[in-house]
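Input: a single structure, listed below in C-alpha cells.
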Amino acid sequence: MRALLRYFLYLGTFGFGGPIALAGYMHRDLVERRGWIKKEDYVEGLALSQLAPGPLAAQLAMYLGWVKGGPAGAGAVGAAFVLPSFLMVLVLAIAYTRFGGLLWMQSAFYGIGAAVIAIIGRSTVKLVRMTLARDLALWVLFAVSAVVTGWTESERVWLFVASGVLVIVLRGRWRPSVPASVFLVGPAIFGALAMAAPAVTQPAWTTLGRITLFFAEAGSFVFGSGLAIVPFLHGGVVNEYHWLTERQFLDAVAVAMITPGPVVITVAFIGYLVAGPLGAGCAAVGTFLPCYLFVVIPAPHFRRIAGNLTVKAFVDGVTAAATGAIAGAAFVLGRRALVDIPAAGIALGTWVVITKVKKIPEPAVIAVAAVAGFLLARQ
C-alpha cells in the first residue's frame, strides 16, 4: 500500500492528458510494468468507473486502492491521487486573489478563457461520437438538455435522472436488481437533496455547509466526462448563489485545464474564492465523497452489476443528458468569453490545433493562448 500511495502521489503530480490518458498510465505502470494489479481487476475497475457517476480517473484509482486495501485503501489512494492537484490549484487561487487585478493576469486569462471554450467544444464533439451513436432517443435527450442548459443558463438535476429512467422504460428494462439499484437510487437521492437545497441553505446554515451540500450534488452527476460538472457549477455558483462572476468562473475552469489530475479539481479554486482554504476543502470533500461511495458500495457486487442492462440503459440516458449540458454550457460561456474578434481568433486557432495536432498537451495549448491574450491586450 505504501508503494501504491507513492505511485498515485506521483501520478497526481505529473499526470497530464485527461482521464483517458491517466487510466492508460495506470494500466501501463501497475498492470504491465509492475504487476501490482491483475488485468481482470483493472478491467473491472475501468468498467465500474465508466458506469458510476464520478470522475473516471479518480474512481479508477479508488477501485485499485479498494482491491489492495478495501474501503480504507480506496480512500487513501483517492486522497493521494487528488492531493497534489488540489494543492496546486490552491496556490493558483491564492495568487489569483492577490494578483488577479493586475493587467498582465487579466490579459493572460483573456486568452486562456477563449482557448477553454474551444477545448470544451471539442470535448463535446468527441463525447457525442462516443456516447450517442445512432440512437434517436439519446440524440433527443442530448438536444433537450443542451437547449434547457443554454436557455436557462443552469442545469436541472431532475433532467438527468428523468433521462436515465426514460431510456430504461424505452428499452423495456425496468427490472432493477438490488445491487443495480445502487446506481439507480443513488443519483435520485442526491437529486432529491439538490431540490431540497433551497430549504436548507437559509442564513442559519453556514457558507461552508452550503458549499459542501452544493458540491456533493454536483459530484454525483459527473457522467461521461469531468467537464460534465461545468454546467452544474455554472448554474449554482454564478446564477443561483452569485458566489462568482462569469469571468471568475471561466478562469476557474481554465485553472483546472492547466493543472494535472482530474478536471473537477476546479471545485477547489471555486471554493477558495468563496470561503478561503476551508471553502476549498469543503468543495473538494463534497465533490469526491459521492464518487468514493459509488466505488466502495457496489464494488463487492460489481461482477453481477457489470452486465445489468438496466444499469447500462440508465447510464446511457444520463450520459446523453450530461453531454447536452456540456454543449449548452459551452454556448453560455462562449457568449461571454468571445467578446471580440481577437478572442474568437484564439478560440478558432485552439480548435484547429487540438483537432489536427493529436499529441500536443492541452496545458501547452493554454499556455500559448495566455501569451497570445497578453500580447493582443497590449495592442
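A simple rule links phi to the HN-Hα coupling: the Karplus curve 6.51 cos²θ - 1.76 cosθ + 1.60 with θ = phi - 60°, which for the stretch 284-294 gives 5, 5, x, 6, 8, 4, x, 5, 5, 5, 6 Hz, with x for Gly and Pro. As a calculated quantity, the FRET efficiency between D29 and R335 at R0 = 35 Å, using C-beta atoms, amounts to about 0.25. Overall form of the stretch 261-362: oblate. Here a/c, set by the Cα gyration tensor axes a ≥ b ≥ c, is 1.5 or more, and a/b is not larger than b/c. The Rg/Rh ratio for the stretch 112-165, using Cα coordinates for both the radius of gyration and the Kirkwood hydrodynamic radius, is 1.01. What does the C-alpha gyration tensor say about the overall shape of the stretch 2-76? Classify as rounded when a/c is under 1.5, otherwise prolate if a/b is larger than b/c, or oblate. It comes out rounded by the Cα gyration axes. For the stretch 72-88, backbone phi angles converted through the Karplus equation (6.51, -1.76, 1.60; θ = phi - 60°) give residue-by-residue couplings of 5, x, 4, x, 5, 5, x, 5, 5, 6, 7, 4, x, 5, 4, 5, 4 Hz, Gly and Pro being listed as x.
Taking the Cα centre of the stretch 226-351 as origin and assigning +1 to Lys and Arg Cβ atoms and -1 to Asp and Glu Cβ atoms, the resulting dipole is close to 380 debye. Residue-wise HN-Hα couplings along the stretch 60-68, as the Karplus relation 6.51 cos²θ - 1.76 cosθ + 1.60 with θ = phi - 60° gives them from phi, are 4, 4, 5, 5, 5, x, 5, 4, 8 Hz; Gly and Pro carry x. Work from the charge dipole of the stretch 2-76 (Cβ charges, +1 for Lys and Arg, -1 for Asp and Glu, about the Cα centre) and give the residue of G35, P53, P19 farthest towards its positive end. Comparing the listed Cα positions along the dipole, G35 ranks first.
Packing, as the average of other Cβ atoms within 10 Å across residues, places the peptides 273-286, 318-331, 28-41 in the order 318-331, 273-286, 28-41, highest first.
Around the Cα centre of the stretch 42-146, unit charges on the Cβ atoms of Lys, Arg, Asp and Glu (plus for the first two, minus for the last two) sum to a dipole of about 180 debye. As a proxy for reagent exposure, ranking W151, W139, W66 by other Cβ atoms within 10 Å from fewest up yields W151, W139, W66.
Values quoted throughout were computed directly from the atomic coordinates according to the rules given, and no laboratory measurement underlies them. Predicted model, so just to flag it, every value in this text is computed and none were measured. Backbone-built Cβ (ideal geometry, glycine too); neighbour counts: all protein chains shown.
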